[in-house]
Amino acid sequence: MGTPKIDTINLHYRLYQNMKERALAFEGKSSAELKSYRNDLEYYSSRSYSAASENDLLNSIINSQVIFLGDFHTFDQSGRNLQRIIKSLARNRKKFTLGLEMVHHHQQEHINSFMLDEISELEFLERIQYQESWRFPWGHYKKIFELAKREQIPILGLNSEGTLKERDAFAAELISQHCLDCSSAPMLVLFGELHVLPNKLPLQILVRHLGKPLRQTIIHQNWDNVYWSMRRQGMNGQIVRFNKNEFCIISAPPWMKYESMAHWYDNICDDPDFDIHEMILNENKKTFSSNSSEHFIELLHELTQNMELDSLEPEELENFNLYDHNNIDFIENNIQKIKAPAVFNFYDYLLTSNQSFKLPKTNGLFIANYSITVLAYMAGIQIFHTYRKQFKFRNLENRDNTERFLYFTLERLFAYFCSKLINPNRKCNLYSDFERRLKEKHIASHIKRSTTFSIEILDQKKSLAKIFKGASLKHVFESSKMIGHMLADYLFDRFEKIGRDKVLHILKEILDTPHMDEKLFQKIKNLALKNIDYQDAHKEMF
């Protein structure tokens, strides 16, 4: 990411202050020990650093006996980065043990049973008393357990009762013993970000290994001070290094983690009717809080202001209804009213594949899974449709596939661009990912076909009419989404660096053009991909 324009920084800093204030307001008065740990985090995150590469980080990981990754418990990005590190170690055929704070060590027998599929997911959560002992979103950790099962990685529970310092000491003893007993098998540790500071858990382990060689790697995640320092300097990349074996990954802006924290407090921590059985049945989908509509309105106005779109009255923009899985019966009833079989099948597909979308012929927006990124994406959908309602257009059943493709592509491009304004670190699949996906053994047939369409569109070997001849709405939409997201990603990069005025102009053209033809699509594609070797480009690991 290049040096941002000042108004983008102001937008992001307002989001950051607002979200952090909301999240911390839930906590109440902090203990003296917690304040001390947070003061240490402030100190360590304010140190000088240098840019580092993925190879720097991975080399340190591969050559360490203990690898610490800081966890912000409500933020799923923490777990995603752990999964990326696990996959990297697995590719290097590195045998290791995974240590997790989120399970108490005295529950180890239940961990072992779950990893061997001797008990179900629900039995596991009940036996470890997840609802009482942890309660942070299980969906974040479920994927880690699933990956560990596939890769046959043993898991060790590290949590215990007591003060923060006592829990560090207990975990340090377990990790140290593992290093002595299994010197050839490193341990990858996911523990709260305050515990993996150099003077906390890592130091406790070093003390226990005085006189014995022990190499550690400490990886912090998404530290506020580092993020804003990098923004001020206009630094590219997502990894910085404090010293030889201590890093910080910036894979998401800090307001994202505070938003996840506020949402968790609002929905889970203070919910007296929290039911772990219902959570499993709903596949851990995140639903709205009482403030979701308010947040959505704030995003609508922040986005229109930042993109200099000011021709609508607030009541026009705010004419919406948000729905989530709590309203699933209403959504299904709405879809059942669609008479055209092809269109009915399309919206049924969106719902059953857990995608967010605008309900046809209503002001309703279905949000499949709550996050500020998804809200910003759907705010883009709302802006797109509100601005374009002045233009009459034929219903989906009366359009040919070329029209459908163009409409879906520009709708999803606009929405993805809006989500990037709120979460600049968001990633999407690029051309090289499309090619890689086609080589996967277990790719779904409709995704394979849609991906093939996307490559053909980018290669310009056929006309859109020939590419989509006989294709279903589902295939057209999935291809549109791939292309729209990719082009928006490149447009955002130009917006941040050098082409703000040109990008704003093309976004307004999307909203103001009565008929979306191939000429407009090619114009957008040429601007987005100008002077870019998009066929060989790769997204960053973190």
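With the convex hull of the Cα atoms taken as the outline of the stretch 436-477, the averaged projected area works out to 3.0 nm².
What is the pair-distance distribution P(r) of the stretch 127-219, computed from all Cα-Cα distances in 10 Å bins starting at 0, with each bin given as a whole percent? Going out from 0 Å in 10 Å bins, the stretch 127-219 shows 13, 44, 35, 8, 0 percent. In this simple spin-label model, placing a label point 7 Å from the Cα along the Cα-to-Cβ direction at both residue 349 and residue 313 gives a separation of 3.9 nm.
From least to most packed, judged by other beta carbons within 10 angstrom and beginning with the fewest, 371, 260 follow the order 371, 260. If R0 is taken as 60 Å, the Cβ-Cβ distance between residue 116 and residue 301 corresponds to a FRET efficiency of 0.70.
P(r) tail for the stretch 292-529: Cα pairs beyond 33 Å make up 13% of the total. Against the longest alpha carbon principal axis of the chain, how many degrees, from 0 to 90 and to the nearest 10, is the axis of helix 401-422 turned? Computed tilt is about 40 degrees. Counting only Cβ charges, +1 for Lys and Arg and -1 for Asp and Glu, the dipole size of the chain around its Cα centre is about 2340 debye. When Rg and the Kirkwood Rh are both derived from Cα coordinates, the Rg/Rh ratio for the stretch 1-143 amounts to 1.01. Taken over the C-alpha atoms, the stretch 94-154 has Rg and Dmax values of 11.1, 35 angstrom. Note on residue 126 and residue 532: the extension gain reaches 141.0 nm, defined as 0.36 nm multiplied by sequence separation minus the Cα-Cα distance.
Pairs spanning more than 20 Å between alpha-carbon atoms, out of 358/389; 339/469; 339/389: 339/469; 339/389. For the peptides 39-50, 248-259, residues were scored by their other Cβ atoms within 10 Å and the scores averaged per peptide; the highest-first order is 248-259, 39-50.
Given R₀ = 60 Å, FRET efficiency for residue 339-residue 105 by Cβ-Cβ distance, to 0.05?
Once rounded, the FRET efficiency stands at 0.50.
For a distance above 16 Å, tell me the whole-number percent of Cα pairs in the stretch 472-517 that qualify. Roughly 51 percent, once rounded to a whole number. Amide H contacts of residue 239: 52, 250, each under 5 Å away and 5 or more positions distant or on a separate chain (H built 1.01 Å from N in the peptide plane; Pro and chain starts excluded). Assuming R0 = 41 Å, what is the FRET efficiency of residue 48 and residue 440, from their Cβ-Cβ distance, to the nearest 0.05? Once the sixth-power term is evaluated, E becomes 0.45. Couplings 3J(HN,Hα) of the stretch 105-120, computed from phi: 5, 5, 9, 4, 4, 6, 4, 4, 5, 5, 5, 8, 6, 7, 10, 7 Hz, in residue order, whole Hz [Karplus 6.51 cos²θ - 1.76 cosθ + 1.60, θ = phi - 60°; x for Gly and Pro].
Once the Cα atoms are used to define both axes, helix 292-306 deviates from the longest principal axis of the chain by about 70 degrees.
With helices as the sole contributors, the chain gives -17500 deg cm²/dmol at 222 nm; each DSSP H run of n ≥ 4 counts as -39500 (n - 2.57), and the sum is divided by every residue. Per-residue Cβ neighbour counts within 10 Å put 489, 459, 56 in the sequence 459, 56, 489, beginning with the fewest.
Each value in this text was obtained by applying a stated rule to the coordinates, not by laboratory testing. Bear in mind the structure is a predicted one, so any value in this text is a computation, not a measurement. Every residue, glycine as well, gets a Cβ built from its backbone with ideal geometry; the counts of neighbours run over all protein chains shown.
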